[in-house]
Amino acid sequence: MEDHLPHTAQAGVKIVIVGGFGVGKTTMVGSVSEIRPLTTEETMTQAGIGVDDNYGSESKTATTVAMDFGRISITEQLVLYLFGTPGQERFWFLWNGLFEGALGAVVLLDTRRLEVSFDVIGRLEERGVPFVVAVNTFPDGPRYPIEELRSALDLPKEIPIMECDARRRASSRDVLLTLLRFLHSLTTVKTPV
Amino acid sequence: MTPPQRRRRHPEAQPPPPPEPGGEGAPDGKRVRNPERLYIITGAAVEDGERAPIDLVTLIVASEDPPPSATPEQSALLRICQAPLSVAEISAYLNLPFSVVTVLLTELLAAELVQARAPIVRRARADRSLLEAVMHGLQKL
Ligand SMILES: Nc1nc2c(ncn2[C@@H]2O[C@H](COP(=O)(O)OP(=O)(O)OP(=O)(O)O)[C@@H](O)[C@H]2O)c(=O)[nH]1
Ligand SMILES: [Mg+2]
């Protein structure tokens, strides 16, 4: 059954939640979404190596990449969408424009596998996508002081880093609010008087 | 226990280089990334009529009932868009890849069977009033 928007809905905005395998992206999307999380898919057909091959073997592989998303109605007119996107950067191009026009991103971290997020952070920096870092606290994951994480991730002090429990609505909401406040602070700095 | 250390690709964090006049990317292979420019490129493609400006969060509403000539996919799309839905939701409910939905919508937009309510943020930075609205909405959660 479709969960429709009111007829007054005029515009959608988006926030991207990126993180490695199993860090809790779907959980976070689900905990704050007003609809059950949905999945959109994209298929990539890739010609085998050697495109102009003399071998006559046009081996093509199809990869399907799924992305979960949820929705939060902000006002009668404005709707926020949250997209939980796998960390593997090689799939991002599939979602044409996923990061373009996004308000910003949440990098979701799992302290058991911090490295999987390094590439993601680098790419967001390169693309100029503003982001905050949320550390999903798993019981068996090591706990690091925030400042130790900041220096490990080599992030400037302006970028918020916080712990969260993606299963809890209030905690996920606070992560999003932290992102919004951060974005707001960026406009304060940037706006010419 | 110490966490692993991230290494930047360009170890010295430099401020982004100023855009080179007319340069898409530097010849040394280091591409200058400029979100504003990306948008302009997207916009140009749209004006060429090659592709409708369809984003995952573009809201779509059917303006007509499916005509007899509509394909099953088109009919299904028109049926679920009696009230607004985002392109992402259409893709999820119809179980069709995002790119397929984009093609379907391009046809339906051309035939004026659907209306697209464009996403308002296609700029490098969202404006303050929008951010404040989203903040207030989240606080109510
Ligand atoms: N303890 C704890 N467990 C969590 C938390 N968030 C998620 N989990 C659990 O971690 C597992 C993975 O969560 P998912 O939300 O599926 O992670 P994901 O990032 O969407 O995973 P993939 O889509 O497979 O990459 C699930 O069993 C969750 O219940 C959290 O904050 N704390
Ligand atoms: Mg998931």
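The values are calculated or read from the model by the stated rules, or taken from the named source; none is laboratory data. Keep in mind that this is a model prediction, so the values were computed, not measured. Heads up, the Cβs are rebuilt from the backbone with ideal geometry, glycines too, and the neighbour counts pull from every protein chain shown.
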- Item | Members of region A:82-102 that are more than 16 Å from ligand 1 (Cβ to nearest atom) and either among the polar types (S, T, N, Q) or touching a Gly at 6+ places or on another chain (Cβ under 8 Å) (or both) | A:Asn96
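Output the residues belonging to region A:66-79 that are surrounded by fewer than 19 Cβ atoms within 10 Å (Cβ to Cβ) and either in a strand (DSSP E or B) or more than 8 Å from chain B (Cβ to nearest Cβ) (or both). It would help to see each step written out before you state the result.
To start, the set of residues in region A:66-79 that are surrounded by fewer than 19 Cβ atoms within 10 Å (Cβ to Cβ) comprises A:66, A:73, A:75-77.
Matches in region A:66-79: A:Ala66, A:Ser73, A:Glu76, A:Gln77.
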- Task: With the checklist (1) at the interface with chain B (Cβ under 7 Å from one of its Cβ atoms); (2) in contact with a Lys or Arg (Cβ under 7 Å, 6 or more places away or on another chain); (3) within 16 Å of ligand 1 (Cβ to nearest atom) in hand, flag the one item A:Glu126 doesn't pass.
- Result: (3)
- Which of the residues spanning region A:33-61 are within 16 Å of ligand 1 (Cβ to nearest atom) and either at pLDDT below 85 or over 15 Å from A:Ser171 (Cβ atoms) (or both)? A:Arg36, A:Pro37, A:Leu38, A:Thr39, A:Thr40, A:Glu41, A:Glu42
- Query: Given the structure, is B:Ile80 modelled with pLDDT under 90 and at the interface with chain A (Cβ under 10 Å from one of its Cβ atoms)?
  - Reply: no
- Message: Looking only at region A:18-32, filter to residues that are more than 6 Å from ligand 1 (Cβ to nearest atom) and closer than 13 Å to A:Asp110 by Cβ; which one of those is surrounded by the fewest Cβ atoms within 10 Å (Cβ to Cβ)?
- Response: A:Gly20
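Please work out which residue is nearest to A:Gly141 (Cα to Cα), limiting yourself to region A:7-20 and to residues that are touching a strand residue (DSSP E or B) at 6+ places or on another chain (Cβ under 7 Å) and part of a loop (DSSP other than H, G, I, E, B). First the steps, then the outcome.
Taking region A:7-20 first, the residues touching a strand residue (DSSP E or B) at 6+ places or on another chain (Cβ under 7 Å) are A:9-20.
When the remaining residues are screened for being part of a loop (DSSP other than H, G, I, E, B), the result is A:9-10, A:20.
Numbers: A:Ala9: 41, A:Gln10: 42, A:Gly20: 15 Å.
This residue is A:Gly20.
With the condition kept exactly as written, say whether any residue in region A:116-128 is within 16 Å of ligand 2 (Cβ to nearest atom), charged (D, E, K, R), over 14 Å from the mean Cα position of the chain (by Cα) and over 20 Å from B:Pro97 (Cβ atoms). Before the answer, list the steps.
Within region A:116-128, the subset within 16 Å of ligand 2 (Cβ to nearest atom) is A:116-117, A:120.
Narrowing the set further to residues that are charged (D, E, K, R) leaves none.
No; the residues of region A:116-128 include none that is within 16 Å of ligand 2 (Cβ to nearest atom), charged (D, E, K, R), over 14 Å from the mean Cα position of the chain (by Cα) and over 20 Å from B:Pro97 (Cβ atoms).
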- Restricted to region A:141-173 and to residues being assigned to a helix (DSSP H, G or I) and within 14 Å of A:Ala105 (Cα to Cα), the residue farthest from the chain's Cα centre (by Cα) is A:Arg173
- Query: Which condition number in (1) facing chain A (nearest Cβ under 7 Å); (2) at pLDDT 95 or above is the one that B:Pro97 fails?
  - Reply: (2)
- Message: Out of A:Phe91, A:Phe118, I need the residue that is more than 9 Å from every other protein chain (Cβ to nearest Cβ), of a type in the set (Phe, Trp, Tyr) and out of contact with any Phe, Trp or Tyr (no Cβ under 8 Å at 6 or more places or on another chain). Which one?
- Response: A:Phe91
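Quick check on A:Phe93: is it within 16 Å of ligand 2 (Cβ to nearest atom) and either in a loop (DSSP other than H, G, I, E, B) or surrounded by fewer than 17 Cβ atoms within 10 Å (Cβ to Cβ) (or both)?
Values: within 16 Å of ligand 2 (Cβ to nearest atom): no; either in a loop (DSSP other than H, G, I, E, B) or surrounded by fewer than 17 Cβ atoms within 10 Å (Cβ to Cβ) (or both): yes.
Against the criterion (within 16 Å of ligand 2 (Cβ to nearest atom) and either in a loop (DSSP other than H, G, I, E, B) or surrounded by fewer than 17 Cβ atoms within 10 Å (Cβ to Cβ) (or both)), A:Phe93 does not qualify.
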